[in-house]
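S.K.: Right, I'll just put the structure down here and ask away after.
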Amino acid sequence: MKSKRIIKYPLLTKIICYVSGFFLLLMILLSVLQFWFLYTNQIAKINANLDKLQVSQVDTLANNIWSLNEQAIEIQLESIFNHPDVTAVVLETDDGVRYQTGKLPDEKIRVLTKEFSVSKISNGKSLYLGSVIIYAPVQSVRQLLFKQGFITLLFEILVLFITGGFILGLFFYLFNRHINRIIQYTETLSLESLDQKLVLDRSGRSGGNPDELDRIVSSLNGMRKRIHDGMATRKRIEKTLFRQKQFLNVIINSLPGIFVVYTQDMTPIRYNHLYEERVGADPAGVEEKNIINRVAEQDREHFTKSIEELFRTGEQVIFEVNMLSLTGESVPYLMTGSLFEQEGEKFLIGLATELTERKKIEEELQQAQKMESIGTLAGGIAHDFNNILTAIIGNLQLAQLNPDNKEKLQTYLQSGEEAANRARDLVQQILSISRKGKHVKHPVQLSLMVQEVVKLLRASLPATIEIQVEIESEGLVEASATKIHQVLMNLCTNASQAMSDSGGVLCIKVSEISSDELPPDMDIRGKSDKYLQIEVSDTGSGMDAQTKSMIFEPYFTTKSASSGTGLGLAVVHGIVQEHDGHISVWSEPGQGTRFTLTFAMLTEIEEHQVQILEGGQNEQTGSEHILLVDDEVDILDVYSGILRFRGYKVTTFSDSLEALAAYRDDPDQFDLVITDMTMPHMTGDKLGREILQLRPDMPVIIYTGFSSKMDEDKCAEEGFAGFLSKPVDTDVLLETIRKIFSD
């Protein structure tokens, strides 16, 4: 029970111990002091009594010694001995007689002694008679003090007990029980009970100034109220933050692309669900993923430099990169990066939009625009083709009329061949404009592209439109020749339509400028030291500011429904951006329009295999056995005749199935297979694959007039040795064959 009280009231227990100890120490000190005073008083009293004995006995004793009355001396000594404080009396006379009454005390016992001399005055002189020693031990004093001290100690202990009990009760009643109530209140205080006020049972207290307990209670209640109000405020804030977070999550998860916030070390701290799906991480482990691992290898350097530029300059960056999906497929994305700072730390806000559908739409737009361009130029193409056919037919007729004149015959045949080559080039240009698919970038001489476009335009434009060409540079840019051709055709067609009513001047200019001459805000600055510019200008009606601001938007057009789709300039803008170029436009109503294309110029060009084969200069001969397959008998006769003339052994088939059967009978008899692509029963690529299964080392050349399924890249992927386009130039055919056999 006692231990429980101690545990329950530790502070009260300490106070009792401290107070009891203090009172005990004080009691001991007071008792010692009291004993010392009593002892001193008793010693002084004994000494006073001994002095009285001396005064009262000295004269009588002197008379008895003088008269030598021994009996009287002993009686007088006995009377001194009978004094309560005296334990022994010794008288020693001057003649050596010794009288003793009582037993001398032990030397170990402390005693008080009173020694005085006895003398007699005779004839005016003091005569020494002897000396008296009275012994008074202090033992009796100690016994008295012990008896009195014990009673005093009992009384003080009783007072101490009563005082301690009173203090204990007073402390418990006035303080400790309230302290325990406060402790109980604070121990049971929770968020649910913050509205409960602390009240002490102090019914006996009425008014007056607040004491310490009142101040403690007031402080605790004030703290409780502040906590209560603070928790209410915190709950409101948390509820608001939770709603805002949900709202923000709904917003970022509804974005059409990847959203992410990065720290400067590219650690993601906020992202949407699409980021998790495309990066390939769950919410718990997404921080360990590095977005650079999802960027296609060929775009990683561009991606890294763009991010570094963003953190360095703080300016928004927009760029395209290819990212790898979870299946390893390359997917194009448009990246937008913005920077913001908070408390001295930089953060990147990134938004990536997938461009797959956009690229498909752009290709469809480009294809539609190409077909529109072909429709616009159909008259001019027909005019050129009729002129070419006239030259071919006329030269053939002249050759028939002069079969015996070898010199004229050679001239007519050469002129006819040149006209046929022009027809072939014209067909290739038409196909390059209308063909869909991948366009590989190569070094392109823009001046030659302009000349080709002008060649097509001259026959299709009315006589009221004058074409001016200014070539000031023959520099190269890395581009797709087909797409640049498409851009130029589109811009020139638009320019001609702007002058269709009143006529005017169409000017195409190719020039070279340095990086310092570019406007400061042009986004392609820094990509090269030199740039090539193509300016396409007209003297037509021009455009106002509103029209000019919308010309690059898809489906915006100022033409009538019968004049076009309005896709052209949107496609032009997309192609220029795809080539990391810049397009700008100047136009004023009544003053014409000028489009300026700017591309980074190639200053260091790698050696490319560009061979121009001139007829008759390279005599390519051989003796190998060639299998030639084409469903057109006339083409078989022409090419087999050329090959046999050059010394080759040629076996021809107009049916691909018959050719495959002959090959299966004896694969080793042939050294090379040349097959047309488009044939009945079995196409050329299928025939080639069957041949390669029978003999993987057999070289196969595919040639075609036109095929959407086969091109040079596809041919290489299939493992074929070469790809040629009809009509095949004789020297190109022979050169390709010799190159295959020499490798």
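The values are calculated or read from the model by the stated rules, or taken from the named source; none is laboratory data. Bear in mind the structure is a predicted one, so any value in this text is a computation, not a measurement. Note that each Cβ is placed from the backbone with ideal geometry, even for glycine, and that neighbours are counted across all protein chains shown.
S.K.: Looking at this structure, is residue 590 part of a loop (DSSP other than H, G, I, E, B), more than 37 Å from the chain's Cα centre (by Cα), modelled with pLDDT under 90 and surrounded by 14 or more Cβ atoms within 10 Å (Cβ to Cβ)? Spell out how you get there, then give the answer.
M.R.: Working: part of a loop (DSSP other than H, G, I, E, B): yes; more than 37 Å from the chain's Cα centre (by Cα): yes; modelled with pLDDT under 90: yes; surrounded by 14 or more Cβ atoms within 10 Å (Cβ to Cβ): no.
Considered against the rule, which asks whether it is part of a loop (DSSP other than H, G, I, E, B), more than 37 Å from the chain's Cα centre (by Cα), modelled with pLDDT under 90 and surrounded by 14 or more Cβ atoms within 10 Å (Cβ to Cβ), residue 590 comes out as no.
S.K.: Could you check residue 720 against (1) crowded, with 20+ Cβ neighbours inside 10 Å; (2) touching a residue at least 60 places away in the same chain (Cβ under 8 Å); (3) of a type outside the set (Asp, Glu) and say which number it fails?
M.R.: (2)
S.K.: Could you look through segment 164-196, keep only residues that are surrounded by 15 or more Cβ atoms within 10 Å (Cβ to Cβ) and under 15 Å from residue 221 (Cα atoms), and pick out the one that is farthest from the chain's Cα centre (by Cα)?
M.R.: 178
S.K.: Moving to a separate point now. Of the residues in segment 481-521, how many are assigned to a helix (DSSP H, G or I) and over 20 Å from residue 575 (Cβ atoms)?
M.R.: Within segment 481-521, residues that are assigned to a helix (DSSP H, G or I) and over 20 Å from residue 575 (Cβ atoms) number 4.
S.K.: Quick one: how many residues across segment 632-648 are among the acidic types (Asp, Glu) and either buried (at least 16 other Cβ atoms within 10 Å of the Cβ) or part of a helix (DSSP H, G or I) (or both)? Spell out the reasoning first.
M.R.: Keep residues of segment 632-648 that are among the acidic types (Asp, Glu), which gives 632, 634, 637.
Keeping just the survivors that are either buried (at least 16 other Cβ atoms within 10 Å of the Cβ) or part of a helix (DSSP H, G or I) (or both) gives 634, 637.
Residues that pass the stated criteria total 2.
S.K.: Just to be sure, is residue 233 outside any loop (DSSP other than H, G, I, E, B), closer than 30 Å to residue 344 by Cα, of a type outside the set (A, V, I, L, M, F, W, C) and not assigned by TED's automatic domain parsing to the domain that holds residue 322? If you could, list the steps in order and put the result at the bottom.
M.R.: Details: outside any loop (DSSP other than H, G, I, E, B): yes; closer than 30 Å to residue 344 by Cα: yes; of a type outside the set (A, V, I, L, M, F, W, C): yes; not assigned by TED's automatic domain parsing to the domain that holds residue 322: yes.
When the stated conditions are applied, residue 233 passes them.
S.K.: Then there is this: Would you confirm, using the coordinates I've provided, whether residue 699 is more than 25 Å from residue 417 (Cα to Cα) and in contact with a strand residue (DSSP E or B) (Cβ under 6 Å, 6 or more places away or on another chain)?
M.R.: Taking the combined requirement at face value, the residue satisfies it.
S.K.: Exactly one of (1) surrounded by fewer than 21 Cβ atoms within 10 Å (Cβ to Cβ); (2) β-branched (Val, Ile, Thr); (3) in a strand (DSSP E or B) is unmet by residue 547. Its number?
M.R.: (3)
S.K.: Condition first: among the small types (Gly, Ala, Ser) and touching a residue at least 24 places away in the same chain (Cβ under 8 Å). Now tell me which residues in segment 653-688 satisfy that.
M.R.: At the first step, the residues of segment 653-688 found to be among the small types (Gly, Ala, Ser) are 654, 656, 659, 661-662, 684, 688.
Answer for segment 653-688, where residues must be among the small types (Gly, Ala, Ser) and touching a residue at least 24 places away in the same chain (Cβ under 8 Å): 654, 656, 659, 662, 684, 688.
S.K.: For segment 154-182, give me each residue that is over 22 Å from residue 201 (Cβ atoms) and among the aliphatic types (A, V, I, L, M).
M.R.: Result: 154, 157, 158, 159, 160, 162.
S.K.: Select from segment 28-64 the residues that are hydrophobic (A, V, I, L, M, F, W, C) and in contact with a Lys or Arg (Cβ under 8 Å, 6 or more places away or on another chain) and write down the one among them that is farthest from residue 111 (Cα to Cα).
M.R.: 62
S.K.: Return the residues of segment 519-549 that are farther than 26 Å from residue 445 by Cβ and in contact with a Ser or Thr (Cβ under 7 Å, 6 or more places away or on another chain); say none if nothing qualifies.
M.R.: Start the filter on segment 519-549 by keeping residues that are farther than 26 Å from residue 445 by Cβ, which leaves 520-521, 539-549.
Those that are farther than 26 Å from residue 445 by Cβ and in contact with a Ser or Thr (Cβ under 7 Å, 6 or more places away or on another chain): 540, 542, 543, 547, 548.
S.K.: Now a separate question. Report yes if residue 731 is touching a Leu at 6+ places or on another chain (Cβ under 8 Å) and either not assigned by TED's automatic domain parsing to the domain that holds residue 640 or not aliphatic (A, V, I, L, M) (or both), otherwise no.
M.R.: Considered against the rule, which asks whether it is touching a Leu at 6+ places or on another chain (Cβ under 8 Å) and either not assigned by TED's automatic domain parsing to the domain that holds residue 640 or not aliphatic (A, V, I, L, M) (or both), residue 731 comes out as yes.
S.K.: For the condition in contact (Cβ under 8 Å) with a residue 60 or more places away in the chain and within 58 Å of the chain's Cα centre (by Cα), what is the one hit in 701, 691, 737?
M.R.: Result of the check over 701, 691, 737: 737.
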